[in-house]
1. Provide a single number: the residues in the stretch 21-43 that are among the β-branched types (Val, Ile, Thr) and touching a Phe, Trp or Tyr at 6+ places or on another chain (Cβ under 9 Å).
2. Somewhere in the stretch 30-39, is a residue modelled with pLDDT of 90 or more and of a type in the set (Val, Ile, Thr)?
3. Pick out the one residue from Glu32, Glu22, Glu7, Glu56 that is under 17 Å from Gln68 (Cβ atoms) and among the acidic types (Asp, Glu).
4. Hey, among the residues in the stretch 36-51 that are surrounded by 12 or more Cβ atoms within 10 Å (Cβ to Cβ) and free of Cβ contacts under 8 Å to residues at least 40 places away in the same chain, which one's farthest from Arg61 (Cα to Cα)?
Amino acid sequence: MQPKVLEGKLVMRQWGQTGLIETLRNFSSLDELYSLCVMTPDPQIVDHIIIHGQDEQGRPRELTLVFQSITFSPQE
């Protein structure tokens, strides 16, 4: 059996007037995840991604990818 993705959650964050706002988007394939990431509107940022799947033996696995947002000035 091949490892496979079953489902996942894309967690986006942005600062609002009342504090930090978290938005969740579900996906069922890596292509769908990619589309959600590239279509994320400003000022939301991708904070982390949780992927649920199965390994070669069919056992449940969870992978969490966490991102750090930074601001930098381009060098001239």
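1. Of the residues in the stretch 21-43, 1 are among the β-branched types (Val, Ile, Thr) and touching a Phe, Trp or Tyr at 6+ places or on another chain (Cβ under 9 Å).
2. no
3. Glu22
4. It comes out as Gln44.
The values are calculated or read from the model by the stated rules, or taken from the named source; none is laboratory data. Everything numeric in this text was worked out from a predicted model, so none of it was measured. As a convention, Cβ positions derive from the backbone with ideal geometry for all residues, glycine included, and neighbour counts pool all protein chains shown.
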